[in-house]
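A.B. asks: What follows is a structure written as structure tokens; I'll ask about it next.
The values are calculated or read from the model by the stated rules, or taken from the named source; none is laboratory data. Just so it is clear, the structure is predicted and the values come from calculations on it, not from any experiment. Cβ coordinates were reconstructed from backbone atoms using ideal geometry, including for glycine residues, and neighbour counts include every protein chain displayed.
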Amino acid sequence: MPAILTGQGSVSSPLSFDIPTTSANKPAMRILVLFAHPRFRQSVVQKAMLAAISGLEQVTVRDLYAEYPSFMIDAAREQEMLLTHDLIVLQHPFYWYSSPAIIKEWLDIALEEGWAYGNGGNKLHGKFLLNAVSTGGPQDAYHSKGRNRFRIAALLAPFDQSAYLCGMGWLQPFVIHSGRKLDPATLSGRAEQYRDLIAGLRDGRLDPLKHLAEGYALPAGFVAARKVREHAS
């Protein structure tokens, strides 16, 4: 839920910012999807999700394993991409309660101190981060009494904190559970829901501040950056 700045430098109660509406030539949000699947040919769910958003205008999709087969991430190139987008989507299967290895490598290399966080590191302030994941297990496995003991959002806490450290808003993760066990019609429907989410955020039909992860407190850097943008517009 949207929140206001508190003395701890985060947000915890209702706040609103002007979210720009779309026009014929300018989307409300420019979206960068960083896709990572080391065994794409074997994928079922992620392949369906990727197909659903492919071809969307003003949505840039990049396959990190195809871009960097040797894991040699180009920090300057990635930072340039980040600067020209408003919402960063990390789309990946849920491997060992986290992401495939290349996403960790990308975070380590692209989000440099002094650029993404730390002294002078304000380049991502006011932007948003979203995890779009697929799991092999059912939804009821992800809670305190389930087989995996934790909710998905809790297991994604490192991304929550990374977004916070970088002055970003972290959105409610989009999750498709039990992907390989879904019948084709159900999987197609969930993939279309993913497409609708991405397109809605792009067009401004969905307010990202109303899609923050449950309990997420906006960092002070995010709030300050949004106020600066409002005053400049």
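A.B. asks: How about the range 26-57: which of its residues are assigned to a helix (DSSP H, G or I) and in contact with a helix residue (DSSP H, G or I) (Cβ under 8 Å, 6 or more places away or on another chain)?
C.D. replies: PHE40, VAL45, GLN46, LYS47, ALA48, MET49, ALA51, ALA52, ILE53
A.B. asks: Which of the residues that make up the range 192-233 are among the basic types (Lys, Arg) and closer than 17 Å to VAL33 by Cα?
C.D. replies: ARG195, ARG202
A.B. asks: Of the residues ASN119, ASN131, only one is closer than 26 Å to VAL223 by Cβ and without any contact (Cβ under 8 Å) to a residue 24 or more places away in the chain; which?
C.D. replies: After ruling out the rest, the residue left standing is ASN119.
A.B. asks: In this structure, is ASP183 at pLDDT 95 or above, among the acidic types (Asp, Glu) and under 27 Å from PHE40 (Cα atoms)?
C.D. replies: For ASP183, the condition - at pLDDT 95 or above, among the acidic types (Asp, Glu) and under 27 Å from PHE40 (Cα atoms) - is not met.
A.B. asks: Inspect all residues belonging to the range 145-162 and state whether any of them is polar (S, T, N, Q) and under 25 Å from SER43 (Cα atoms).
C.D. replies: yes
A.B. asks: Checking SER98 against (1) out of contact with any strand residue (DSSP E or B) (no Cβ under 7 Å at 6 or more places or on another chain); (2) modelled with pLDDT of 95 or more; (3) polar (S, T, N, Q), which single condition isn't satisfied?
C.D. replies: (2)
A.B. asks: Looking only at the range 182-222, count how many residues are assigned to a helix (DSSP H, G or I), surrounded by fewer than 16 Cβ atoms within 10 Å (Cβ to Cβ) and either without any contact (Cβ under 8 Å) to a residue 40 or more places away in the chain or polar (S, T, N, Q) (or both).
C.D. replies: Qualifying residue count for the region: 7.
A.B. asks: Please go through the range 40-55 and pick out each residue that is free of Cβ contacts under 8 Å to residues at least 12 places away in the same chain and in contact with a Phe, Trp or Tyr (Cβ under 9 Å, 6 or more places away or on another chain).
C.D. replies: If the condition is that a residue be free of Cβ contacts under 8 Å to residues at least 12 places away in the same chain and in contact with a Phe, Trp or Tyr (Cβ under 9 Å, 6 or more places away or on another chain), then LYS47 is the only one that fits.
A.B. asks: Picking from GLY118, GLY146, which residue would you name as being among the small types (Gly, Ala, Ser) and out of contact with any helix residue (DSSP H, G or I) (no Cβ under 8 Å at 6 or more places or on another chain)?
C.D. replies: Being among the small types (Gly, Ala, Ser) and out of contact with any helix residue (DSSP H, G or I) (no Cβ under 8 Å at 6 or more places or on another chain) holds for just one of GLY118, GLY146, which is GLY118.
Quick grid of which residues meet (1) more than 26 Å from ILE152 (Cα to Cα); (2) modelled with pLDDT under 95; (3) polar (S, T, N, Q); (4) in contact with a Pro (Cβ under 7 Å, 6 or more places away or on another chain):
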position: LEU197; (1), (2), (3), (4): no, no, no, no
position: LEU201; (1), (2), (3), (4): no, no, no, yes
position: LEU206; (1), (2), (3), (4): no, no, no, no
position: HIS211; (1), (2), (3), (4): no, no, no, no
position: GLU214; (1), (2), (3), (4): no, yes, no, no
position: PRO219; (1), (2), (3), (4): no, no, no, no
position: LYS227; (1), (2), (3), (4): yes, yes, no, no
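A.B. asks: In this structure, is ILE53 more than 20 Å from LEU111 (Cβ to Cβ) and either among the hydrophobic types (A, V, I, L, M, F, W, C) or modelled with pLDDT of 95 or more (or both)?
C.D. replies: So ILE53 passes the test.
A.B. asks: Restricted to the range 74-95, and to residues that are over 11 Å from LEU34 (Cβ atoms) and in a loop (DSSP other than H, G, I, E, B), which residue is nearest to the chain's Cα centre (by Cα)?
C.D. replies: In this case the residue turns out to be ASP86.
A.B. asks: Out of the residues in the range 183-224 that are hydroxyl-bearing (Ser, Thr, Tyr) and touching a helix residue (DSSP H, G or I) at 6+ places or on another chain (Cβ under 9 Å), state the one that is nearest to MET168 (Cα to Cα).
C.D. replies: Top of the filtered list is TYR216.
A.B. asks: For residues that are of a type in the set (A, V, I, L, M, F, W, C) and touching a Lys or Arg at 6+ places or on another chain (Cβ under 9 Å), scanning just the range 72-86, find the one that is surrounded by the fewest Cβ atoms within 10 Å (Cβ to Cβ).
C.D. replies: So the residue we want is LEU83.
A.B. asks: Here's another thing I want to ask about it. Among the listed residues VAL89, VAL59, identify the single one that is buried (at least 19 other Cβ atoms within 10 Å of the Cβ), out of contact with any Lys or Arg (no Cβ under 7 Å at 6 or more places or on another chain), touching a residue at least 40 places away in the same chain (Cβ under 8 Å) and within 21 Å of MET168 (Cα to Cα).
C.D. replies: Only one candidate passes the filter, namely VAL89.
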